[in-house]
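First up is the structure itself, then whatever we jot down about it.
Read the figures in this text as sums done on the coordinates, not as results from a lab. No experiment lies behind these values; they were computed from the predicted model shown. A quick note on method: Cβ atoms are made from the backbone with ideal geometry, for glycine too, and the neighbour counts reach across all protein chains shown.
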Amino acid sequence: MPGSSSRCAVWGIALMDKLTLKWRLFAFLLGFCALLMVILWLFQTVLLTDMYKFIRTREMEQAITLVEENIDSETLSAILYDLEQNKEIMVAQTHEFSPPPKQVDANRNRRQPETITQTKTIQKQDGTSVSMTFYAIITPVNATVSTLQMQLYLITGIMLLCAVVLAVIIARRISKPIEQINKSAKLLATGNYDIQCRGHGFLEIKELSDTLNTAAAELSKVEALRRELMANISHDLRTPLALIYSYAEMMHDFPAEITPAQTQTIMDETQRLTSLVGDVLDVSRLETGTMELRKTTYNLTESLRGSIERTAVLVKNDGYTLCLEAAEDAYVHADEIKITQAFYNLLINAIHYSPTDRDIQVRQHIADGFVTIAVMDHGEGIAPENLPYIWDRYYKVDKKHRRSVTGTGLGLSIVKKILDLHGGRYGVDSTQGKGSTFWFSLKLA
Ligand code: ADP
């Protein structure tokens, strides 16, 4: 019934899907043993007699060919003797034979042994022919079969035992560590990032557990950053919003007393909010890889000169002087808007973190096919212990969010992402109290 057999197959597959690795291994081992046993039983008991007869027939055919080839040879008698001794094949000229051959039967078996007989007329070189009869003794295999059956019972028992022992060992070595890793992975899925997978036994299991440990560590970092981001952003949003609200409230209650300073504050704070939202959007676009580079070959020096001049106008009244030192024009193949954004972030930082000495220099240096842009300030500098972290998202050296310093903690992480996308290099040299030099370099076009 094809219907019921296909249902059985489906049921079997469904059952296999539900089995744990341990039981599945056990089932496979058992199946393999059963197959081996069936093959052994088939060949060693059921087909033994037939196979033996088949082999004897082949041996006899080979003997006939051998005798045919050597009928005129002097070695014929030696060949015949050899056939009788080693193959138990007797050859006789038809008229002189009286079957069955004497020496093989009586002592071994009381019953007359079965033989395969074939008569062949062989042509000699002198033109005469001789008729020869070949007898191959078929030794009864019944006794052998029962011995083999006995052995097979034993072998089946031993194989079953081995299958169980092997399944247990393999289950211990493979499925146990996988079960443990699975447990840890489930914990990880519930948000517990403190898990420690200890995979052992096989290289793949060890690698899997190392990967899970790395994933857990990375997830925990992301989680910490997410919390920090929420805290930073809510703080950075709340402060300007509160200021805007209080100034707007004042203007609402005393419309006659509106001063330019009040409206300026509202404008400044709105600007601050806009730049914060812009930075957050940029970071998320850079991180998700949705920000595409529109590369063109352009004059980097000219582009930076424009940015510096525009910024210089804005900060001139605060006493800042910005200057560019560039011996020649450098052309690069890059996304001009992004590189300008990165440079602008460095320039704005130099301005923000230089409250006293307000001279900012931008130096361009060309060497070995690369152009390096360095933004140098003589401001507060950065403590060596903070230097490795300033490129991280939301990292601010001053955790107290001084109002005098605008900052989202995203500026340098945007610089880093943009330069990474361009395959550029970047870095900083800074001495606390003396100033910092932020630099980046790009390949010349
Ligand atoms: P922020 O928006 O806070 O400036 P950034 O990612 O641009 O964030 O910079 C991270 C931190 O690196 C800043 O909080 C600041 O402490 C430090 N930093 C960046 N540039 C300078 C600089 N030119 N001089 C001193 N400190 C700097």
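Around His378, under 10 Å between beta carbons, what's the net of Lys plus Arg minus Asp minus Glu among the other residues?
-2
Hey, what do the phi angles of the stretch 137-152 turn into as Karplus ³J(HN,Hα) couplings, whole Hz, using 6.51/-1.76/1.60 and θ = phi - 60°, x for Gly and Pro?
Here the 3J(HN,Hα) series is 6, 9, 6, x, 9, 4, 5, 4, 4, 5, 4, 4, 4, 4, 4, 5 Hz.
Could you give the distance between the Cα centres of the stretch 139-160 and the stretch 194-237, to the whole Å?
Distance between centres, Cα-based: 60 Å.
Could you give me the ³J(HN,Hα) list for the stretch 247-257, computed from phi with Karplus coefficients 6.51, -1.76, 1.60 and θ = phi - 60°, whole Hz, x at Gly and Pro?
Taking θ as phi minus 60°, the curve returns 5, 5, 5, 4, 5, 5, 6, 10, x, 6, 9 Hz for the stretch 247-257.
Which listed residue (Thr296, Gly191, Val362) has the Cα farthest towards the positive end of the charge dipole for the chain, taking +1 on Lys and Arg C-beta and -1 on Asp and Glu C-beta about the Cα centre?
Towards the positive end, the residue furthest out is Gly191.
Hey, could you pull the Cα Rg and Dmax for the stretch 155-244, both in Å?
Spelled out, the Cα radius of gyration and Dmax of the stretch 155-244 are 23.3, 90 Å.
Would you mind checking the tilt of helix 2-18 against the longest principal axis of the Cα atoms of the chain, expressed as 0 to 90 degrees and rounded to 10?
Taking the Cα atoms of the chain, the angle to 2-18 is about 50 degrees.
Under a Cβ-only charge scheme (Lys and Arg +1, Asp and Glu -1), can you give me the dipole magnitude of the chain about the Cα centre, in debye to the nearest 20?
Approximately 1660 debye in magnitude.
What is the magnitude of the charge dipole of the stretch 187-308 about its Cα centre, with +1 placed on the Cβ of each Lys and Arg, -1 on the Cβ of each Asp and Glu, and no other charges, expressed in debye to the nearest 20?
I would put it at about 340 debye.
Can you tell me the Rg and Dmax of the chain, counting just the alpha carbons, in angstroms?
Just the Cα atoms of the chain yield Rg and Dmax of 46.9, 149 Å.
Give the angle, between 0 and 90 degrees and rounded to the nearest 10, that separates the Cα long axis of helix 21-41 from the longest principal axis of the Cα atoms of the chain.
Tilt of helix 21-41: around 20 degrees.
How far is helix 176-189 tilted, in degrees, relative to the longest principal axis of the Cα atoms in the chain, given as a value from 0 to 90 rounded to the nearest 10?
Orientation of helix 176-189: about 30 degrees from the principal axis.
Can you give me the long-range amide H partners of Met132? Hydrogens built in the peptide plane at 1.01 Å from N, cutoff under 5 Å, separation of 5 or more residues or another chain.
Thr94, Lys120, Thr121, Ile122
Please list, in order along the stretch 381-393, the HN-Hα scalar couplings obtained from phi with the Karplus expression 6.51 cos²θ - 1.76 cosθ + 1.60 (θ = phi - 60°), rounded to whole Hz, x for Gly and Pro.
With coefficients 6.51, -1.76 and 1.60, one gets x, 10, 5, x, 5, 8, 3, x, 9, 5, 7, 6, 4 Hz.
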